[in-house]
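Visitor: Just dropping this structure here.
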């Protein structure tokens, strides 16, 4: 069974913060992001890997799990993986992001985490995993990634993926939309939370961030990663239903409830739209996301 996170609602915004830049860690926790990812991988130069581990461990030390969940993105390379995991496993860690996730790597991560949790006296499976799809094998094995131990969600890293596949994405990343659908399908079939979308590299362009985040929302994503605290507000806004959407969803449920009380399976709302259980499924999802 997948590991269950400490809160019922999965995050909308996952803010990356470089592991070795410890002066930014506390700021990230107060950025408004639902989740913070202390990055031990791409954002950290080779000579600063140990410094990043130490800083992440210091952040987690004595910290109690709270409304902002803290994750660590570890290195997938064997030279760093074990040391990364050993440094960050603690009661305050929500889990780890595993880049370039493939079934064999996730099995290795699970083995390391099981030993570390036992040594630390933590409950088995206390450390969740978000599997970051960044390789061709990861895409082709997306269903297996969802079934791997500890995996609660998939993410997608499109820069690495485009490089491996020799793609040259346009401004709308149309060349990657099929892969996005694969990740969404695998997540839904496995009963996982909807996946986490990729970063928007145009850090200071709020209009583009809103537009690309809305595309992800329509494609079935319900969160995305952020490179800068200024991106968090827009991401949270897009993935939070508006007051009008909540009112419409509530009204749809009321129409169907009334019909079912009269022994009818379907109804027609005041606008003339057919309302049935399939239609209100989307309404229930809107109301679930609106819960705070």
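Visitor: Go through the range 137-163 and give me each residue that's touching a helix residue (DSSP H, G or I) at 6+ places or on another chain (Cβ under 8 Å), under 14 Å from residue 100 (Cβ atoms) and assigned to a helix (DSSP H, G or I).
Guide: Hits for the range 137-163 are 138, 139, 142, 145, 158, 161, 162.
Visitor: Are any residues in the range 172-192 modelled with pLDDT under 95 and surrounded by 15 or more Cβ atoms within 10 Å (Cβ to Cβ), and if so, which ones?
Guide: 173
Visitor: Got a sec? Which of 170, 206 is more than 22 Å from residue 35 (Cα to Cα) and assigned by TED's automatic domain parsing to the domain that holds residue 139?
Guide: 170
Visitor: Does residue 183 qualify as being touching a residue at least 60 places away in the same chain (Cβ under 8 Å), within 13 Å of the chain's Cα centre (by Cα), closer than 22 Å to residue 226 by Cβ and assigned by TED's automatic domain parsing to the domain that holds residue 137? Explain how you work it out, then say what you get.
Guide: Working: touching a residue at least 60 places away in the same chain (Cβ under 8 Å): no; within 13 Å of the chain's Cα centre (by Cα): yes; closer than 22 Å to residue 226 by Cβ: yes; assigned by TED's automatic domain parsing to the domain that holds residue 137: yes.
When the stated conditions are applied, residue 183 does not pass them.
Visitor: Here are some conditions: (1) surrounded by fewer than 17 Cβ atoms within 10 Å (Cβ to Cβ); (2) under 21 Å from the mean Cα position of the chain (by Cα). Residue 250 meets all but one. Which one does it not meet?
Guide: Among (1) surrounded by fewer than 17 Cβ atoms within 10 Å (Cβ to Cβ); (2) under 21 Å from the mean Cα position of the chain (by Cα), residue 250 violates only (2).
Visitor: Looking only at the range 165-177, decide whether some residue is over 14 Å from the mean Cα position of the chain (by Cα), touching a residue at least 24 places away in the same chain (Cβ under 8 Å) and closer than 26 Å to residue 69 by Cβ.
Guide: No: the range 165-177 contains no residue that is over 14 Å from the mean Cα position of the chain (by Cα), touching a residue at least 24 places away in the same chain (Cβ under 8 Å) and closer than 26 Å to residue 69 by Cβ.
The values are calculated or read from the model by the stated rules, or taken from the named source; none is laboratory data. Predicted, not measured: the structure shown is a model, and the values here were computed from it. Neighbour counts run over all protein chains shown; Cβ positions are idealised from the backbone, glycine included.
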